[in-house]
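Remarks on the structure that follows.
Where a number appears in this text, it was derived from the coordinates with a stated rule and is not lab data. Note that the structure is predicted; figures quoted are calculated from it, not measured. Cβ: placed from backbone, ideal geometry, glycine included. Neighbour counts: every protein chain shown.
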Amino acid sequence: MATISSAKPDELAAAAFALFSTRGIAGVNMDEIAAGAGVTKGSLYWHYASKKEVILAACNLYYSAWRIQIAGATEVHERLADQLEAAVAFSVRSCLLDDANRVFTTEIVAMSLYDADVRASWTGFLDETERFFLGLTHRAVGAGEFRCDDVDRAVDLLMASMEGIKQIALFRPQSCLPENEQRTCRRLMSLMGERVPVHVPV
């Protein structure tokens, strides 16, 4: 069992994330988080003074994982248009098809309605996500690989649509089934614009 000296903040945040994403934030207390991490309650409070601090730490863990994973999904592609498609596909898998991520982020959005700190945290992540897609789309358009008349509008639509699909999944869970992944990706990419065909010299 981990002790007060061996328990790391990220491990505690990961244990909290796992519980929040299956039982909801309100349905988990500090005792259960400590038990999930295999530490004493005192060990948990050594790092986090309150449940809200744990919630914000779980958010930061989610954001860090997103940065690493979306970089891994896109950097394997040389063409910018391929990177854009890979970023959208990753977002569909991570934000919509991954049950744990979808439940956790939906809980955070709901909590943001009345908690300013959580709202500020999530706003920062949305801003980062928006900057990522704006930058990538502008570069793809500038390189002549992608056609989009209004990049700002396209990215706004992409992000709004992703959030909308996530909310609808509460009532129509079939919208986030794995077999719908390709169709969802195609629909979201159609909001962004279209690829410029690659002309191979003959």
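General observations
- In the list (i) 43, 14, 14; (ii) 38, 21, 14; (iii) 37, 18, 15, the label attached to semi-axes √(5λ) of the Cα gyration tensor in Å as derived from the coordinates here is (iii).
- Cut-off 13 Å, label 7 Å out along Cα→Cβ of residue 117, residues of region 34-55 by amide N: 48-55
- Between region 160-202 and region 84-137, the Cα center-to-center distance that results, in Å: 16
- Straight-distance candidates among the lysines for linking to residue 8, with alpha-carbon spacing under 18 Å and chain neighbours fewer than 8 residues away dropped: 41, 51, 52.
- Between the listed residues 124, 68, 103, the Cα displaced farthest toward the positive end of the dipole of region 67-178, a dipole computed from Cβ unit charges relative to the Cα centre, is found at 103.
- Charge dipole of the chain (Cα centre as origin; +1 on each Lys and Arg Cβ, -1 on each Asp and Glu Cβ, all else neutral): 260 debye, rounded to the nearest 20.
- Each peptide in 34-42, 107-115 gets a packing score, the mean of other Cβ atoms within 10 Å over its residues, and the list from highest to lowest is 34-42, 107-115.
- Helix screen, the chain: DSSP H segments with Cα axial length of 15 Å or more and mean Kyte-Doolittle hydropathy at least -1.0 are 9-23, 51-74, 80-91, 99-112, 116-142, 151-168, 181-192.
- Built amide H within the under 5 Å cut-off of residue 195, gap 5+: 147
- Considering only 167, 57, 143, the residue lying farthest towards the positive end of the dipole of region 56-195 is 167, judged by Cα position with unit charges set on Cβ.
- At an R0 of 25 angstrom, the distance between the Cβ atoms of residue 26 and residue 127 translates into a FRET efficiency of 0.40.
- Restricting region 48-137 to trypsin sites (Lys or Arg not before Pro) that sit in a DSSP loop and have at most 15 other Cβ atoms within 10 Å of their own Cβ leaves 79.
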